[in-house]
1. Could you run the Karplus curve 6.51 cos²θ - 1.76 cosθ + 1.60 with θ = phi - 60° over region 159-166 and give me ³J(HN,Hα) per residue in whole Hz, x for Gly and Pro?
2. Can you list the lysines whose alpha carbon sits under 22 Å from that of Lys57, skipping same-chain ones fewer than 8 residues off?
3. Using θ = phi - 60° and the Karplus curve 6.51 cos²θ - 1.76 cosθ + 1.60, what whole-Hz ³J(HN,Hα) does each residue of region 114-119 get, with Gly and Pro shown as x?
4. List the residues of region 122-136 whose backbone N lies under 20 Å from a point placed 7 Å from the Cα of Arg56 along the Cα-to-Cβ direction.
5. Would you kindly derive the ³J(HN,Hα) couplings of region 95-106 from the backbone phi angles with the Karplus curve 6.51 cos²θ - 1.76 cosθ + 1.60 (θ = phi - 60°), listing them in order in whole Hz, with x for Gly and Pro?
6. Under a 5 Å amide H to amide H cut-off, with H placed in plane at 1.01 Å, what residues pair with Lys38 once short-range neighbours are removed?
7. Please sort 176-182, 110-116, 139-145 by packing, taking for each peptide the average over its residues of neighbouring beta carbons within 10 angstrom, highest first.
Amino acid sequence: MMKRFDRRFVLKALTYSGLSCLGIGWSLRASGSRSDRKLEITPSEIEGPFYPRVKRKDKDFDLTRIEGRSGVAKGKHIIVEVQITDIEGNGIEDALVDLWQAAASGKYNHPRDPNPAESDPDFQGWALAVTGSEGKLRFKTVMPGAYPAAPGWQRPPHIHFKVSSAGYESLTTQMYFAGQPLNNLDHLLRRKRKEDQVRMIASRLADNPQTFLHQLVLQQLVS
Ligand SMILES: [Fe+2]
C-alpha cells in the first residue's frame, strides 16, 4: 500500500537520526542561488535485472521491518533523506518514488538473482512512496551489500530509484554512497562524467554518519 509520510515512522526516524526537525541537514545544492543557477538533471542509469517481482504488501518507509514479522533486517541501519526537485531547486510534491535495493548481504529479493549470498527474510527491499512537502522523502533501510555483477566486477552499495511525476520526465537512476571504495571501480558509475558521478553519490550527514542526503533533479516536460 502506497503511503505518504508515515507520521509514526517520521518520529521514529527523527529519534533514530537525532534530528530535531525535518528541515535540519537538508541543504539543497542550489539553495541560496535559485534565481541565477540551474541544477543539472540527475543522470539516468539502467534499471538493472532485479526490479522486484515478488509481490509484497508492505512497501512502506521502514525497510528494516516487514509487517507481520517480528525480526529486524540484518546489517547497518541507515536513514536516507531524498529530495525530488526541478532544475531550480523547487521541491516536487506528490512525486511517485519506487525504490529497491539488495539486502546487507548483497542479495536481492528476486528469483533470478544468482548471488549465492544469504537472503534476509526480514528485509523489505522495496518501497513505493509519494514525496511530501518540498518534495522530500525519508526512509529507513540497511546499507546495501556489494554484489558480484561479472567476473572482476563487484557492484558498490547502491539503491535503485524510479521517479515519476506529472509534468516531468520520468527518471530511472541509482544512488551510491559517499566513502565506498568500490565506487571508483564500478563500470556503471565510472562511465559517467566526474560531475555526474558526484550527483549520483549521496552525502553523509556530518554530525550523523548513519544519515545520507540525496537530491534527484527532474526535467520538466515542455508543454
Ligand atoms: Fe543493483
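Every read-out reported here was derived from the displayed coordinates using simple, explicitly stated rules and does not represent laboratory data. Note that this is a predicted model, so its numbers are computed, not measured. FYI the Cβ positions are ideal-geometry reconstructions off the backbone, even for glycines, and counts take in every protein chain you see.
1. In residue order, the calculated couplings are 10, 8, 10, 10, 10, 9, 7, 4 Hz.
2. Straight-distance partners of Lys57: Lys3, Lys12, Lys74, Lys107, Lys140, Lys162.
3. x, 4, x, 4, 5, 7
4. Zone members listed by number: 122-131.
5. 6, 8, 10, 10, 10, 8, 6, 6, 6, 4, 6, x
6. Close amide H contacts, sequence-distant or interchain: none at all.
7. Going by the mean number of other Cβ atoms within 10 Å, highest first, we get 139-145, 176-182, 110-116.
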